[in-house]
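Down below is the structure, laid out as structure tokens.
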Amino acid sequence: MTRLHIIIEDYSLSLAEINKIALLQQAYAAELFWYAHAHDTLLDRLYLSSEFATLWQSFTKDVKQTSHALEQTIQQHFKNCTLSHVYDKYWQKTVDDNAEHKDLRIIIRGKHELSHSVLQYINHTDSSVIILGNRSWGERCKLIGAIDPFHSDDPKNTSDINVYKLTRRIAERFQSQDWKLLHSVYIPPLAVSHAKELTQFHKQRVYEFCRKIQCPSDHMAFCGGNPEIAIEHYAQMNKIDLIILGSRKHGIIDKWLNGSTIEQLVKKPELDILLAPANPVQNRRS
């Protein structure tokens with residue numbers, strides 16, 4: 001059975017997040033494993049005053065109450081599920097020790113910026129990760145897979161081929177025909193006078209790539225501008241539910257597609273993003 005590992009960053013689940021997890025569970029016919037990241041930066045500080053002892057008691061009481069409420073919410077909507085608490089600063093080891101490499105990781109980002117624990121995980125993992133925000137999906141899940149066949153770090157287009165295959169597989173799971181590959185045509189300022197020719201060249205090269213991977217041309221879309229801005233704009237204008245982005249072999253910190261593109265897109269709480277590994281590995285323990 002497929003297993004989904006869900007990491008909750010701030011002890012809360014919105015109705016939109018619950019509905020998206022339910023859609024993913026149904027699409028994957030999956031067993032769910034829940035983790036609450038219970039570490040707080042407050043625990044990284046050393047306080048020796050007696051005044052803090054009283055505050056600490058109140059703090060731990062609030063945490064227990066919040067944790068109990070979260071468990072009740074999960075049990076209400078997802079039967080026979082358990083919630084594990086991760087008290088370490090980083091939750092990578094706890095999750096990966098319990099997950100197989102092929103298992104999908106789902107991060108509920110919460111209302112705040114991505115934590116150091118999340119950033120550390122997506123910079124190190126070779127498994128697929130979905131980062132979910134607090135926005136609702138359509139019933140069938142509308143998808144785009146972002147590709148860049150021109151990327152110098154991937155002359156064989158390994159990452160783009162993987163994005164295409166993953167986009168198709170997810171669309172099939174959701175029984176959706178509403179998916180596209182998306183390429184952002186960026187024209188440098190000094191080349192604006194040749195914008196028309198460069199745009200035509202981009203499209204020609206992308207359609208050649210589509211023929212190579214046997215992707216129907218009507219499932220190809222284009223946008224213009226800096227990828228991190230253009231992809232976000234396209235997703236919002238077309239009510240895209242999930243954006244699939246691929247990684248390439250870089251250093252640990254900047255390995256995800258286009259570096260700054262991933263960095264900027266994952267900061268957007270209104271975007272739901274699936275980060276796909278460069279080289280998917282068959283079933284094995286992490």
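Points to keep in mind about this one:
- Applying a threshold of 9 Å to beta carbon distances and a minimum spacing of six or more residues, or different chains, the list of pairs starting in region 1-28 at a residue that is closer than 26 Å to His116 by Cβ and modelled with pLDDT of 95 or more and ending at one that is among the basic types (Lys, Arg) and part of a strand (DSSP E or B) reads Leu4/Arg105; His5/Arg105; Ile6/Arg105; Ile7/Arg105.
- Scanning region 142-164 for residues that are free of Cβ contacts under 8 Å to residues at least 60 places away in the same chain and surrounded by 15 or more Cβ atoms within 10 Å (Cβ to Cβ) returns Phe150, Asn157, Ile161, Tyr164.
- Unique residue being modelled with pLDDT of 85 or more, surrounded by fewer than 14 Cβ atoms within 10 Å (Cβ to Cβ) and over 21 Å from Phe174 (Cα atoms) when the list is Arg285, Arg205: Arg205
- Any chance His77 is at pLDDT 90 or above and outside the structural domain of Ser176 (by TED's automatic domain parsing): yes
- Filter result for Leu119 (closer than 21 Å to Thr261 by Cα, aliphatic (A, V, I, L, M), at pLDDT below 90 and assigned to a helix (DSSP H, G or I)): yes
- If the condition is being of a type outside the set (A, V, I, L, M, F, W, C), surrounded by 12 or more Cβ atoms within 10 Å (Cβ to Cβ), over 19 Å from Pro227 (Cα atoms) and touching a residue at least 12 places away in the same chain (Cβ under 8 Å), then region 166-202 contributes Arg173, Ser176, Asp178.
- Qualifying residue in region 132-141 (condition: crowded, with 21+ Cβ neighbours inside 10 Å and closer than 23 Å to Leu104 by Cβ): yes
- From the options Thr125, Thr158, residue that is closer than 26 Å to Asp96 by Cα, within 13 Å of the chain's Cα centre (by Cα) and not charged (D, E, K, R): Thr125
The values are calculated or read from the model by the stated rules, or taken from the named source; none is laboratory data. All figures in this text were calculated on a predicted structure; none of them were measured in a lab. Here the Cβ is made from the backbone with ideal geometry for all residues, glycine too, and neighbour counts use every protein chain on show.
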